[in-house]
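The values are calculated or read from the model by the stated rules, or taken from the named source; none is laboratory data. Being a predicted model, the structure only gives us computed values, none of them experimental. All Cβ positions, even for glycine, are placed from backbone atoms using ideal geometry, and neighbour counts span all protein chains on display.
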Amino acid sequence: MIDGTWSEAKKIFRKSPWMDKFPVLGFKPEALSRYKVREAAGDNQLATAEVAAKVLMLNSEEEAGACLDAWFDVFSEHYITGKKQRQLPENGALQRFCTAFNG
């Protein structure tokens, strides 16, 4: 999986002939990206972690995919809250993650 902006990832893929042997997976997202750090160029573009979570789920790794998806929310909330120099919400993404995955 290539991590980068869409234009960077396309460039890396096109200029790396050794990657020709790897499969290319495409799917239509069911929902818009929850990534709010940068604005995507298109509505169908997801963050790398969102794609990785979907790939895990498509490969019968539902719990791992759900865990990564929930942790992505924790990352996003912490990053944006810190960037805006605000307090984290009392019942935020980390609490939801802990409840869902730590019993």
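Based on this model, can you work out whether F72 counts as under 17 Å from M1 (Cα atoms) and either modelled with pLDDT under 90 or touching a Leu at 6+ places or on another chain (Cβ under 6 Å) (or both)?
Against the criterion (under 17 Å from M1 (Cα atoms) and either modelled with pLDDT under 90 or touching a Leu at 6+ places or on another chain (Cβ under 6 Å) (or both)), F72 does not qualify.
How about the range 10-53: which of its residues are under 15 Å from the mean Cα position of the chain (by Cα) and among the hydrophobic types (A, V, I, L, M, F, W, C)?
F27, A31, L32, V37, A40, L46, A47, A49, V51, A52, A53
Evaluate the range 55-64: report whether one residue or more is under 17 Å from V37 (Cβ atoms) and crowded, with 18+ Cβ neighbours inside 10 Å.
Within the range 55-64 (the criterion being under 17 Å from V37 (Cβ atoms) and crowded, with 18+ Cβ neighbours inside 10 Å), the answer is no, since none of the residues qualifies.
Matching residues to (1) farther than 24 Å from K10 by Cα; (2) of a type in the set (S, T, N, Q); (3) surrounded by 16 or more Cβ atoms within 10 Å (Cβ to Cβ):
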residue: A40; (1), (2), (3): no, no, no
residue: N44; (1), (2), (3): no, yes, no
residue: A49; (1), (2), (3): no, no, yes
residue: A53; (1), (2), (3): no, no, yes
residue: C67; (1), (2), (3): yes, no, yes
residue: A70; (1), (2), (3): yes, no, yes
residue: D73; (1), (2), (3): yes, no, yes
residue: K83; (1), (2), (3): yes, no, no
residue: Q95; (1), (2), (3): yes, yes, no
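Could you list, in sequence order, all residues of the range 54-78 that are touching a residue at least 24 places away in the same chain (Cβ under 8 Å) and within 14 Å of the chain's Cα centre (by Cα)?
K54, V55, A66, C67, A70, W71, F72, D73, F75, S76
Suppose we filter the range 8-52 for residues that are over 29 Å from I80 (Cβ atoms), assigned to a loop (DSSP other than H, G, I, E, B) and either touching a helix residue (DSSP H, G or I) at 6+ places or on another chain (Cβ under 8 Å) or in contact (Cβ under 8 Å) with a residue 12 or more places away in the chain (or both); how many remain?
Number of matching residues: 0.
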